[in-house]
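Nothing in this text is a laboratory measurement; each read-out follows from the coordinates by a stated rule. The structure presented is a predicted model; accordingly, all values stated were derived computationally and were not measured. A quick note on method: Cβ atoms are made from the backbone with ideal geometry, for glycine too, and the neighbour counts reach across all protein chains shown.
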Amino acid sequence: MKQAKQIIDKLLLTLAGIALFVMVILSIYQVITRFIFNSPSTMSEEIVRFLLIWFGLLSASYVFGIKQHIAILFIREKLPRKAQFVMEKIADVILIIVALVLMIWGGYEVVKLTWAQIAPSTGLSMAAMYGALPVSGIFIIFYAIYNLLNKEELETVTEANREDGGEHV
């Protein structure tokens, strides 16, 4: 399972990196066509908007996977080590339920509703944009299950926060 996590980590980082690179190039292109040629490209603006949503949700999935998301830890850190571990596992179960209901099921419903809607400039289905919800939900659930089964999770997160100088909110 650790090897699968490493592959998914690399996949998400690669996809997010490509999306960011394409967004930067298209944004520069948009500025050049708008201000130098006085003929703005609406297609590039729409593609950047689609990519921004995919970039944000795929990046959020990755951040959940490496446990570097924003967390309120001051209550957890006051508890004994065993209780902290149990609290982490309960949080993972809640995360699975929320991702399953809101991101996968809810995202699927939104994709169904928007399947016939067409983006004006690119002609792409709006479902292509909203498809990022269930896809990222699947990755978040994978990471939550991985963390649920991983007994070393609490130590890893605590060590990573200390090494990064991460502040606890």
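Add -39500 (n - 2.57) for each DSSP H run of 4 or more in the chain, then divide by its residues: what number comes out at 222 nm, to the nearest 500 deg cm²/dmol?
Value at 222 nm, helices only, nearest 500: -23500 deg cm²/dmol.
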(request) Give the cross-link partners of LYS82 among the lysines, using a straight C-alpha distance below 18 Å as the criterion and excluding same-chain residues fewer than 8 apart. (result) LYS151
(request) May I ask you to derive the relative contact order of the chain, considering only C-alpha pairs under 8 Å and at least 6 residues apart, and to give it as an integer percent? (result) 26
(message) Can you order the peptides 70-81, 139-150 by their average number of other Cβ atoms within 10 Å per residue, highest first?
(response) 139-150, 70-81
(request) Please give the FRET efficiency for ALA71 paired with ALA127, using the beta carbon to beta carbon distance and R0 = 30 Å, rounded to the nearest 0.05. (result) 0.40
(request) Mind checking the full-extension length gain between GLN117 and ILE25? Use 0.36 nm per residue of separation minus the Cα-Cα distance, one decimal, nm. (result) 30.4 nm
(message) I need the Kirkwood Rh of the stretch 13-147: take the reciprocal of the average 1/r across all distinct C-alpha pairs and report it in angstrom.
(response) 17.0
(request) Using the Kyte-Doolittle scale, find the helices of the chain whose mean hydropathy is at least 0.0 and whose Cα atoms extend 24 Å or more along the helix's long axis, counting only whole DSSP H runs. (result) 2-35, 42-65, 81-98, 132-149
(request) Would you compute, for the Cα atoms of the stretch 65-144, the largest minus smallest coordinate along each principal axis and list the three values in descending order, in whole Å? (result) 56, 20, 17
(message) Let me test this: with uniform point scatterers at the alpha carbons of the stretch 1-92, what is the Debye-based log₁₀ I(q)/I(0) at q = 0.18 1/Å?
(response) -0.87
